[in-house]
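The values are calculated or read from the model by the stated rules, or taken from the named source; none is laboratory data. Bear in mind the structure is a predicted one, so any value in this text is a computation, not a measurement. Backbone-built Cβ (ideal geometry, glycine too); neighbour counts: all protein chains shown. Protein only, heavy atoms only, side chains kept; ligands, DNA and RNA dropped before computing areas. Shrake-Rupley method; radii C 1.70, N 1.55, O 1.52, S 1.80 Å.
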Amino acid sequence: MFQGSYVALVTPFKDDESLDEAKLKELIQFQLDGGTHGIVPCGTTGESPSLSETEHDRVIELTVETVNGQVPVIAGTGSNSTTRTLRATEHAKAAGADAALIVTPYYNKPTQEGLYAHYMKIADTVDIPIVVYNVPGRCGTDILSPTIARLAEHPNIVALKEATGELKRASEVVNLCPDDFVVLSGDDVNTLPILAVGGKGVISVVANVSPADVAEMCNAFHAGNLELARKLHYKTLPLAVDLFIETNPIPAKTALQLMGKLNGKLRLPLAPMVPANLESLRETLTETGLIE
């Protein structure tokens, strides 16, 4: 169902921290012009924990409206509350999103049975394709491969965003799940390796600043041009490293600011980059040709 580069889109704010709708539309157009295969609003990179319910809904609505069917929209709807996740997922479906990205509940630290029941409740209630998002480094919860395989039996649970950082996980899930279950990389540094073991693409942070390169890497791999895919992997690798030199999306928003596409505004508790990391990021953007 999903293949290629899906950008985990940042959420732009005005200087007064209100949602910048005009800039959001510009960023989406930048992605479409760059060949990005899909848009993912309101994920971690979109500072979803810092958005109000009204803002969250509006970002998804505006994304769907701006994309206008050109590429799929996978709306981030997860939280640590099953009730709130249900509400957000129902809204995403009503707004016209093509799928929902649902992170494992954070802080609660549910068991594997609790995780299974959480996702099944949503899948049974809302008829929308669901992408399970596993990122234990942020959530303190790890949904294991056998649990993913159980969930994959549900027709609405169609994909996994794999962000454990353990390369074996993608292989486990591909091996355990049906052939039509999609594995997407959740770490840009691991996209090409995950493609090599049967993954279909990436939900990418790097695509925020270099959409064409990430999309073309995926295109090249699926076309069988491994030489070009490797070349683009190594071209984007410094970005994949430096965009996580501090907590995501601090570097991504800062990079877009340096590129003249954003004011770089973050919401607390996220703070501006320290000077040494800022200079490292600036050097990487210069070396990769994104700024002069």
Quick check: is even one residue across region 265-274 farther than 14 Å from ASN208 by Cα, buried (at least 18 other Cβ atoms within 10 Å of the Cβ), over 19 Å from the mean Cα position of the chain (by Cα) and modelled with pLDDT of 95 or more?
yes
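Looking at LYS231, LYS253, which one is crowded, with 22+ Cβ neighbours inside 10 Å and either charged (D, E, K, R) or modelled with pLDDT under 95 (or both)? I'd like the intermediate steps shown before the answer.
On the way: LYS231 fails: crowded, with 22+ Cβ neighbours inside 10 Å.
That would be LYS253, the only listed residue that is crowded, with 22+ Cβ neighbours inside 10 Å and either charged (D, E, K, R) or modelled with pLDDT under 95 (or both).
Can you pull out the residues in region 178-190 that are open to solvent by less than 10 Å² (accessible area, probe 1.4 Å) and either touching a residue at least 40 places away in the same chain (Cβ under 8 Å) or of a type outside the set (S, T, N, Q) (or both)? Give the derivation first.
Kept after step one, since they are open to solvent by less than 10 Å² (accessible area, probe 1.4 Å), are these residues of region 178-190: 182-185.
Answer for region 178-190, where residues must be open to solvent by less than 10 Å² (accessible area, probe 1.4 Å) and either touching a residue at least 40 places away in the same chain (Cβ under 8 Å) or of a type outside the set (S, T, N, Q) (or both): VAL182, VAL183, LEU184.
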I'm trying to understand the selection: among the residues of region 196-225, which are more than 16 Å from the chain's Cα centre (by Cα) and without any contact (Cβ under 8 Å) to a residue 60 or more places away in the chain?
ALA196, VAL197, GLY198, ASP213, ALA220, PHE221, ALA223, GLY224, ASN225
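Tell me, which helices (runs of 4 or more DSSP H) wholly within region 152-257 include 1 or more residues that are basic (Lys, Arg)?
On the way: elements: 167-176, 191-196, 211-222, 226-242.
Once the helices (runs of 4 or more DSSP H) in region 152-257 are filtered for at least 1 residues that are basic (Lys, Arg), what remains is 167-176, 226-242.
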Taking into account only those residues within region 134-156 that are closer than 18 Å to ASN80 by Cβ and not hydrophobic (A, V, I, L, M, F, W, C), which is surrounded by the fewest Cβ atoms within 10 Å (Cβ to Cβ)?
GLY137
In region 191-214, how many are more than 19 Å from LYS253 (Cβ to Cβ) and either in contact with an Asp or Glu (Cβ under 8 Å, 6 or more places away or on another chain) or open to solvent by less than 10 Å² (accessible area, probe 1.4 Å) (or both)?
6
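Of the residues THR125, THR45, THR82, THR111, only one is open to solvent by 10 Å² or more (accessible area, probe 1.4 Å), among the polar types (S, T, N, Q) and in contact (Cβ under 8 Å) with a residue 40 or more places away in the chain; which? Show your work before the answer.
Values: THR125 fails: in contact (Cβ under 8 Å) with a residue 40 or more places away in the chain; THR45 fails: open to solvent by 10 Å² or more (accessible area, probe 1.4 Å); THR111 fails: in contact (Cβ under 8 Å) with a residue 40 or more places away in the chain.
Exactly one residue qualifies, and that residue is THR82.
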Given the conditions (1) touching a Pro at 6+ places or on another chain (Cβ under 6 Å); (2) open to solvent by 30 Å² or more (accessible area, probe 1.4 Å), and given that THR36 satisfies all but one, which numbered condition is not satisfied?
(2)
Polar (S, T, N, Q), open to solvent by less than 40 Å² (accessible area, probe 1.4 Å), within 22 Å of GLY4 (Cα to Cα) and within 17 Å of the chain's Cα centre (by Cα) - does that describe any residue in region 277-292?
no
Kindly provide the set of residues from region 51-63 that are open to solvent by 30 Å² or more (accessible area, probe 1.4 Å) and either assigned to a loop (DSSP other than H, G, I, E, B) or at pLDDT below 95 (or both), ordered by number.
SER52
